[in-house]
Amino acid sequence: MNNYVSVDTKYMSSEGMITAIVELAQSRGIALHKLLRGTGIFEQDLLCFNSTFSVSQQLRLIKQFKVLMEDSDSGFLLGSQLINDTSKAAQTLLYSAHLGQALNQLNAFKMQLSPLLFNKTHLKNAQYYIYLHCGFAVEEELYNYILEVYAAAFYSLLKRLTGEYPQCEFDFNFKKPKHIHQYEQHLGLKLRFEQPCTRWTIAQSVLKKVNPNASRLRFMQVHSQLQSTAYTRYSFIEAVWCFLSRQKEAGLEQTATAFAMSSATFKRKLKHHNITFSSLVDEQKKYQAIYLLTLKAKGNEQVAKQLAFYDIPNFRRAFKRWTGLTPSQIKT
Amino acid sequence: MRFNPFYSHRFLVNTVIALLLLAFFLSAFFGELKAKEHIQWLDVLGEGGIVLMTLSWITALLVSRPAGKVTRYLVCGLAIFMFSATLDLLDEWLIQPSQLWLSWIESLPAPIGMLLTSLGLYYWHQEQYVLNKQLRRREAHLRQHDKVCPITGLYKADYLQKVLTDQLKVGKPVIVGAIDVRDFSLFNREFGFYEGDRLLREISELILMNCRVGDVVCRYAGDCFMILMPATSTAQGQELLRQIKSALAHCAFKVEGIKKARFQHVTTEFVVGTPQQYAHDITHQLQLKLQQQKQQRAQQREQLC
């Protein structure tokens, strides 16, 4: 439970996102000092292999990048550049035997490769569903941009590991963006917006497609090198989220105790992460409810009971508040 | 591109500064200080505003225009006008002994400056005519500088959307062609974004070269270009796309630092737009067709393996 990363914990190297951003910005003629202004990252940090960075630094850099690049395709460019990363963790993905293995690796090293999101996956009717959640609370506009970046990275990974253009359905919970043509160009045409959850769906058969660049030997080599280093697995928000999904009735007090904090300290820590306890509980329950209703095809009564609601009307009201839809509407 | 006035317009900057100083010295030399209670602050505000505004126009001109005849006339005209305005402003503090020639100096330059500015504007009109000719095939009847892609200099998707909507509203049938560069992400990965951007720029030039005068080329998104072809038959449109395709396939792009030339292969598609359709439906249909073609090719490649 204590193996989590806070927004200010300096733990990741500059490989991956930070390097990709700097490279891209420089190739577009943006001066490095302009890009790094206000991010708390210095030029010499980028050159020194031992320096570590925090998520808040990464977030500030992304924000700065977004502003300076101006063009509406910058997120997609960044996303496709992410999978050209040469870090060990990224290499295990690219040498994987198939997409399924690569996604397992991605999950194992997510705090290095994509610390800003975490996911819950489900298999049903030969469809593989990936539900995405925010590992660090950020303002909406930036969050949408981050989803754009990772969606592009995910689709590039899909293309790279299958050697073709697989179908992937992208559901986003924000409304249709102005630069929709960029989405269509880079992610394909299976796009839906204003959905209750951010969810990406691929066919199960894609997971087992042989990766044309697979190399078992190289995979094992990189993998064994990675085993020797200790890796943190969760962001603070994800850790709380996971605890809440196990302890449905847990209140603030109990959760704080589980994290070995007083409730005041715990609250302060959540506030530092830009989120409140109740909104986190809501977010978690919303996801659970959608999952149970749609993928598990459970009735309202069962869901209400599982999520520790007092009665069905209460659950219906809460559900309507979270998603704008009634439980029966979401089933259809 | 912005210009550094101290570098590209050294003569003009010196002229402006010299005129300002001259105005100061002339008034200071001949004038006598007014008593404080005689100063009319509203006049100071108004006349000062005129001087500052003119100065800001001059700066804007110097920063945004390359050196040349039009810039020279416009800046000189405005600078002379500003000279008059400055003398006028300084009069609020200094009483000029009623010397005839100073009032001459004060009022005469303004119309001369206006005359020069007007001359400059006339030349600007001629220049614009030439530039518009240069911009043909990049631009339809509409100009919106914020919708130009900074990399290729072509208009972006929303411009195409707008022009297409206008075309459809008039009720003219129109053909929209799409050109998608194959494996562009691979190129970016191999040679970096700098070379990738350069390639896009070169491709856009080549597409422009192959288009007719009435066509409009846009950079739609990423590596996808679209061409708006008004009053074109299907056969003509197809032929044009085929020509562009072969032109690109034969264009030997030299990546910096690499000896071997790269040839670009593209996927082309087109859609005939009818007046009942929305612009977005047409581009959506095009994208769908492009993606089907890409998927088919990937499947064929797999079968060959």
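The values are calculated or read from the model by the stated rules, or taken from the named source; none is laboratory data. Just so it is clear, the model here is predicted, and its values are computed rather than measured. A quick note on method: Cβ atoms are made from the backbone with ideal geometry, for glycine too, and the neighbour counts reach across all protein chains shown. SASA here: full protein model, heavy atoms, side chains in, ligands and nucleic acids out. Shrake-Rupley method; radii C 1.70, N 1.55, O 1.52, S 1.80 Å.
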With eigenvalues of the C-alpha gyration tensor scaled by 5 and rooted, chain A, Å: 32, 25, 21
Segment B:145-304, Rg to Rh (Cα coordinates; Rh as Kirkwood inverse mean 1/r): 0.98
Alpha carbon convex hull of the protein assembly as shown, projected area averaged over orientations, nm²: 40.2 nm²
Table column - 3J(HN,Hα) (Hz), segment B:289-302, Karplus curve with 6.51, -1.76, 1.60, x for Gly and Pro: 4, 4, 5, 4, 4, 4, 5, 4, 5, 4, 5, 4, 4, 5
Taking N as its residue count, the alpha carbon Rg of chain B over 2.2 N^0.38 Å: 1.49
Residues of type aspartates and glutamates that residue A:66 reaches as a straight line, Cα spacing below 16 Å, ignoring anything fewer than 8 places off in the same chain: A:23, A:139, A:140, A:141, A:148
Euclidean distance of C-alpha centroids, segment B:1-55 and segment A:1-42, integer Å: 47 Å
Residue-normalised accessible area of the protein assembly as shown, expressed per residue, 1.4 Å probe, Å²: 51 Å²
Amide H contacts of residue A:12 (H built 1.01 Å from N, under 5 Å, at least 5 apart or other chain): A:53
Viscosity 1.002 mPa s, temperature 20 °C, Stokes-Einstein D of segment A:4-115 from Kirkwood C-alpha radius, µm²/s: 146 µm²/s
Cα-Cα separations in segment B:5-135 greater than 23 Å, expressed as whole percent: 39 percent
3J(HN,Hα) from dihedral phi, segment A:290-306, Karplus parametrisation 6.51/-1.76/1.60, rounded to Hz, x for glycine, proline: 4, 4, 5, 6, 8, 7, 9, 6, 8, x, 4, 5, 4, 5, 4, 5, 5
Vicinal HN-Hα couplings computed from phi for segment B:228-237 (Karplus, 6.51 cos²θ - 1.76 cosθ + 1.60; Hz; Gly/Pro x): 9, 10, x, 6, 10, 7, 4, 5, 5, x
Amide N of segment A:1-43 lying under 18 Å from the label point, which is placed 7 angstrom from the Cα of residue A:261 along Cα→Cβ: A:1-11
Helix-derived mean residue ellipticity, 222 nm - over chain A, DSSP H n ≥ 4, -39500 (n - 2.57), to 500: -15500 deg cm²/dmol
FRET efficiency for residue B:263 and residue A:190, using Cβ-Cβ distance with R0 set to 30 Å, rounded to 0.05: 0.40
Percentage relative contact order, segment A:174-325, counting C-alpha pairs under 8 Å, at least six apart: 15 percent
Sequence-distant aspartates and glutamates (8 or more away, or on other chains) whose Cα lies within less than 17 Å of residue B:69: B:127
Per-residue [θ]222 nm for chain B (sum of -39500 (n - 2.57) over DSSP H runs n ≥ 4, rounded to 500): -21000 deg cm²/dmol
Aspartates and glutamates with Cα under 15 Å of residue A:209, excluding same-chain neighbours fewer than 8 positions away: A:164, B:302
Buried on assembly, segment A:168-211 (at least 30 Å² less accessible surface than by itself, 1.4 Å probe): A:181, A:184, A:185, A:189
Chain B: angle of helix B:109-135 to the longest principal axis, Cα-based, in degrees nearest 10: 10 degrees
Area hidden from solvent between A and B (accessible, protein heavy atoms only, 1.4 Å, total, Å²): 2200 Å²
Residues along segment A:22-48 losing 10 Å² or more of accessible surface when the other protein chains are present rather than the chain by itself (probe 1.4 Å): A:24, A:27, A:28
Rg/Rg_globular for segment A:244-322, with Rg_globular taken as 2.2 N^0.38 Å and Rg from C-alpha atoms: 1.20
Accessible-area composition of chain B, carbon plus sulfur, in percent [1.4 Å probe]: 62 percent
